[in-house]
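What follows is one structure encoded as structure tokens, with my remarks underneath.
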Amino acid sequence: MSKPFSTRFIALTLIGALTLVACGKEEEKPAPGAGLLASQHSILQYVPADTPYVIASVEPLPDSLLDKIEPQLDEVLRSYEVLLRQVLTMAQSEAEAEGSDPEDLAKASAVIEELSSLMSVEGLRGAGFGRDSTGAIYGVGLLPVIRITVSDGALFDAALARIEAKAGEKMDVATIGNNAFRFVEADQAKVLIATFEDQVVVSAVPSGFDDAQIGQVLGLTRPTSNIAEAGVLAEIASEYGYTDQYIGFVDIERIVS
């Protein structure tokens, strides 16, 4: 049974917000000279070697550059806040046409207010996303995964709990082994939101996926061959002069096939 409008709205807007920070911001760092793009200790260990697309940042930008970028990022985040409100207005119109409960619409508005508190550099830091965060957007097959490292997973969970409180309801929770994750049913799909100590993972999978398939998407089961050991991004960086801070590709032929 699908959750009410406000809970679905939380999940979908969180995906949008996390996409903004996914590629600017690793786990344990390897020894100098090991090459982060080929390191088995970076966030790339979760990305399948045969992924059809990936955009990754496995090394933070220098502080001197971030000092210049962050004021512009604040402006982008403020613009995203405006976009969220426009999306809310459209969603409310759709919900009203479907005869949704006005109380759900009021809760969705309260959720936007809470999300707005995250729409700044300081707001993101309060949710665990800092200068040292790294991230990747990639496909497990065609299924999109956003994976971001955070300073403290508890900070993100606390921010999510505040949003749930404004919505007046909590997302569903499931476990695989000892690993818990939140999820929201949306039509024929499940939106997954998981916090694993120093990582936040968001994805969307078909509703019929079993635990083994969900575990693969969330990275509980690591890919047999990952993109770091395959050297795919390292080769691209070497050929085109890219850096570890921002690199990726989209394989149209693989997506089509």
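The values are calculated or read from the model by the stated rules, or taken from the named source; none is laboratory data. Please read all numbers here as calculations on a predicted model, not as lab measurements. A quick note on method: Cβ atoms are made from the backbone with ideal geometry, for glycine too, and the neighbour counts reach across all protein chains shown. We work out accessible area using only protein heavy atoms, side chains counted, and drop any ligands, DNA or RNA first. Shrake-Rupley method; radii C 1.70, N 1.55, O 1.52, S 1.80 Å.
Can you tell me which of LEU65, LEU44, LEU12 is assigned to a helix (DSSP H, G or I), modelled with pLDDT under 55 and within 27 Å of GLY123 (Cα to Cα)? Outline the logic, then answer.
Working: LEU65 fails: modelled with pLDDT under 55; LEU44 fails: modelled with pLDDT under 55.
When all the criteria are applied, what remains is LEU12.
For region 212-225, name all the residues that are open to solvent by 30 Å² or more (accessible area, probe 1.4 Å) and under 20 Å from the mean Cα position of the chain (by Cα). Write out each step before concluding.
Narrowing region 212-225 to residues open to solvent by 30 Å² or more (accessible area, probe 1.4 Å): 212-213, 216, 220-225.
Once the filter is applied, which keeps residues that are open to solvent by 30 Å² or more (accessible area, probe 1.4 Å) and under 20 Å from the mean Cα position of the chain (by Cα), region 212-225 yields GLN213, GLN216, LEU220, THR221, ARG222, PRO223.
Could you say which residue among GLU197, GLU169, GLU239 is of a type in the set (D, E, K, R) and within 16 Å of TYR46 (Cα to Cα)? Break it down stepwise before answering.
Numbers: GLU169 fails: within 16 Å of TYR46 (Cα to Cα); GLU239 fails: within 16 Å of TYR46 (Cα to Cα).
After ruling out the rest, the residue left standing is GLU197.
Considering region 200-211 alone, what residues qualify as being open to solvent by less than 30 Å² (accessible area, probe 1.4 Å) and either touching a Cys at 6+ places or on another chain (Cβ under 9 Å) or of a type in the set (S, T, N, Q) (or both)?
SER203
Tell me the residue from GLU169, GLU122 that is more than 16 Å from VAL200 (Cα to Cα), open to solvent by 10 Å² or more (accessible area, probe 1.4 Å) and not in a loop (DSSP other than H, G, I, E, B), please.
Values: GLU169 fails: not in a loop (DSSP other than H, G, I, E, B).
The match here is GLU122.
Can you name every residue in region 231-254 that is of a type in the set (Gly, Ala, Ser) and either exposed (fewer than 14 other Cβ atoms within 10 Å of the Cβ) or more than 21 Å from PRO60 (Cα to Cα) (or both)?
Taking region 231-254 first, the residues of a type in the set (Gly, Ala, Ser) are 231, 234, 237-238, 241, 248.
Result: SER238, GLY241.
Which one of these is assigned to a helix (DSSP H, G or I), open to solvent by less than 80 Å² (accessible area, probe 1.4 Å) and either among the small types (Gly, Ala, Ser) or on the phi < 0 side of the Ramachandran plot (or both): ALA56, ALA108? I'd like the intermediate steps shown before the answer.
Details: ALA56 fails: assigned to a helix (DSSP H, G or I).
Of ALA56, ALA108, the one residue that is assigned to a helix (DSSP H, G or I), open to solvent by less than 80 Å² (accessible area, probe 1.4 Å) and either among the small types (Gly, Ala, Ser) or on the phi < 0 side of the Ramachandran plot (or both) is ALA108.
Give region 190-199 a look and list any residue that's open to solvent by less than 30 Å² (accessible area, probe 1.4 Å) and within 19 Å of ASP210 (Cα to Cα), or say none.
Hits for region 190-199 are VAL191, LEU192, ILE193, ALA194.
ALA228 passes all but one of (1) open to solvent by 50 Å² or more (accessible area, probe 1.4 Å); (2) under 17 Å from VAL47 (Cβ atoms); which number fails?
The number of the failed condition is (1).
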